[in-house]
Amino acid sequence: MTVYTHDEILAKANELAKMLAETEEVAFFKKAEAQINKNEKVQKLIQDIKRLQKESVNLQHYQKFEALRENENKIDQLMDELDAIPLVKEFKQSQKEVNDLLQYISKTISERVTEAITKDQRVLEEK
């Protein structure tokens, strides 16, 4: 059985991270993100939502609940408008695919480590 150091494992993790950063999913995500950052309509909607969210915090602090409810409705409308933009849909889908890939890798590593530990425990119990 080979025993690895923390430094060796971190080196492999960095190598894996570099590989992941160069996948089709990440490339598409980066492209979609760049397009969103350049899109004036999307950026205006995001700015409006952030402004309204700050207003909501203040309205809640001053217990202006009716105005808060109206503000939250405006935020919901802007979010719906934002989510309806095809570019935003593509970005969110690519973000989901990258996250799914990362979760799959993390789950796979966790399962393999657990399997190795279980196997080693069985070997020790048999002795």
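Nearest 10 degrees is fine. How inclined is helix 24-38 to the longest principal axis of the chain, computing both from alpha carbons?
For helix 24-38, the angle is close to 20 degrees.
Using the alpha-carbon centroid of each, what span in Å lies between the range 23-69 and the range 80-127?
Result: 27 Å between the Cα centres.
Using DSSP to define loop residues, name the chymotrypsin sites (Phe, Trp or Tyr not before Pro) in the range 1-36 whose beta-carbon has at most 15 other beta-carbon atoms within 10 Å.
Listed in order of number, the matching sites are Tyr4.
List the chymotrypsin sites (Phe, Trp or Tyr not before Pro) in the range 42-127 that DSSP assigns to loop (not H, G, I, E or B) and whose Cβ has at most 16 other Cβ atoms within 10 Å. Which are they? Kindly include the intermediate steps, with their values, before the conclusion.
Values: sites: Tyr62, Phe65, Phe91, Tyr104; in loops: Tyr62.
Here the sparse-neighbourhood loop sites are Tyr62.
Rg over Rh of the chain, using C-alpha atoms and the Kirkwood radius, what does it come to?
1.23
Computed from the coordinates by the stated procedures, all read-outs in this text should not be read as laboratory data. Quantities reported herein were computed from a predicted structural model and do not represent experimental measurements. Here Cβ is always computed from backbone atoms with ideal geometry, including for glycine, and neighbour counts include all displayed protein chains.
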